[in-house]
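**Q** This structure is in C-alpha cells; I'll ask about it shortly.
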Amino acid sequence: MLKIYIDGKLYDKEDAKISVFDHGLLYGDGVFEGIRMYNGKIFKCVEHIDRLFESARAIGIRIPMSKKEVIKAMEDTLKVNDIKDGYVRLLVTRGIGDLGLDPKLCVRPSVVIIADKIQLYPPEIYEKGLELITAATPRNHQEALSPRIKSLNYLNNIMAKMEGHQANVREVVMLNLDGYVCECSADNILLVKNGVLKTPPASAGILKGITRDTIMEIAHESGTEVREENITRFDLYVADEVFLCGTAAELIAAVKIDGRVINDGKPGPVFKELLGKFRELV
Ligand code: PXG
C-alpha cells in the first residue's frame, strides 16, 4: 500500500486526505514541484527544492520546514515506498482556514509528499514525435500571475490543453500577450535553426524549467551554441527541429505545428543527440 506524507506523518493512500477547508483546494492557493527519481537518486534535487521555496516565497507562504527537512521527508517517503525510479509530487498549500480567500485565515501551511510511478507518453511518441497546435488561450501575463511560480492553479494551462484535445493533438504551444512563444502546457519548448539551439527567455513569461536548464547545459557542453531569445510562431514553422522538455515528458520532438510539418517531419539529429546525452546523465 502506497504511503503518503502529510505534515510529518505517513498515511496509507486511502487515508491520505486533505481538509475541504484547505485553501489549496478552495482557491488553488499553494505551490508544487514534480521531481523524478532515477536509479535511486533524486534528479536535480537541490534545484527543485530551491524552486519550491522560491514559488512559496513569491506567494508569501513560509514553508514550516527547512530545505534539509523537506529533502529528508522526500527521501523517507521514497524509501518507505521502495521507489528507485519514479516521481515525487511535493505540495505546499496555504493550509486550513475558514471560507474567504484571505490567506490570514490559514494558520499553518500543509506539506504533502506523494511518491509514485509516473505515466509517460506512449513509447512511440518518443520515436515519432508529437503534433502541436498553438492555443488561442495566452499564457498568464507575468505581472498578473508569474508563470515562474509553480502554483496549484494550473487553469491557464488546462484551458490551453483542452484546446489541444478539441483539435485532436496531445500538446499545445502557448504564446504570451505580445504574441511570442512561451512554452507548452507543462513543458518548455526549444528549437534548432542552423545549428543554434534557441528557447524563449524567462522574461517571455515561462516556468524556468529545470529540464530546460539541463538541456541547455548539455548542448553548451557539447559545443552547440545556445541562445535564449524571443521566438515567434514563424520561427517554429521554419525551424530545423522543435522539441519539448520537462520533468514528466523528458524530451519529445514536435514534428507538426499548426498543420505545418517541421522539416522532414521526423525527430532530428540534435534532438536525438541531446536525448541520448540526457539519458546518460540520468
Ligand atoms: N512549463 C510548465 C508550465 C510546467 O508546468 C515545465 C515547463 C517544465 O519544467 P521542469 O522543471 O519540470 O523541467 C513544467 C513542469 C504534472 C507535472 O504532473 C508537471 C510538470 C512537471 C512535472 C509533473 O503535470 N510541469
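**Q** Taking the residues in segment 74-112 that are β-branched (Val, Ile, Thr) and within 14 Å of the ligand (Cβ to nearest atom) as candidates, determine which candidate is surrounded by the fewest Cβ atoms within 10 Å (Cβ to Cβ).
**A** First, pick out the residues of segment 74-112 that are β-branched (Val, Ile, Thr): 77, 80, 83, 88, 92-93, 96, 107, 111-112.
The next check asks that each one be within 14 Å of the ligand (Cβ to nearest atom); those that pass are 88, 112.
Details: Val88: 26, Val112: 21.
My answer is Val112.
**Q** Follow-up. Residues to consider are Leu130, Leu190, Leu145, Leu152; find the one that is more than 10 Å from the ligand (Cβ to nearest atom), under 17 Å from the mean Cα position of the chain (by Cα), more than 28 Å from Asp29 (Cβ to Cβ) and of a type in the set (A, V, I, L, M).
**A** Leu190
**Q** Go over the candidates Val270, Val238 one by one and state the one that is assigned by TED's automatic domain parsing to the domain that holds Lys128, away from the ligand (no atom under 16 Å from the Cβ), aliphatic (A, V, I, L, M) and in contact (Cβ under 8 Å) with a residue 60 or more places away in the chain.
**A** Just a single option satisfies the conditions, and that option is Val270.
**Q** Look at Val196 and say whether it is surrounded by 21 or more Cβ atoms within 10 Å (Cβ to Cβ), more than 16 Å from the ligand (Cβ to nearest atom) and not small (Gly, Ala, Ser). Write out each step before concluding.
**A** Values: surrounded by 21 or more Cβ atoms within 10 Å (Cβ to Cβ): no; more than 16 Å from the ligand (Cβ to nearest atom): yes; not small (Gly, Ala, Ser): yes.
Taking the combined requirement at face value, the residue does not satisfy it.
**Q** Filter segment 198-232 down to the residues that are of a type in the set (A, V, I, L, M, F, W, C) and out of contact with any Asp or Glu (no Cβ under 7 Å at 6 or more places or on another chain) and list them by number. Walk me through how you get there before you give the answer.
**A** Just the residues of segment 198-232 that are of a type in the set (A, V, I, L, M, F, W, C), to begin with: 202, 204, 206-207, 210, 215-216, 218-219, 226, 231.
Of everything in segment 198-232, those that are of a type in the set (A, V, I, L, M, F, W, C) and out of contact with any Asp or Glu (no Cβ under 7 Å at 6 or more places or on another chain) turn out to be Ala202, Ala204, Ile215, Met216, Ile218, Ala219, Val226, Ile231.
**Q** If you go through segment 49-73, how many residues are closer than 20 Å to Gly8 by Cβ, within 16 Å of the ligand (Cβ to nearest atom) and not aliphatic (A, V, I, L, M)?
**A** 1
The values are calculated or read from the model by the stated rules, or taken from the named source; none is laboratory data. Fair warning: this is a prediction, and the values are worked out from it, not measured in the lab. Positions of Cβ are generated from backbone atoms using ideal geometry, with glycine treated the same way; all protein chains shown enter the neighbour counts.
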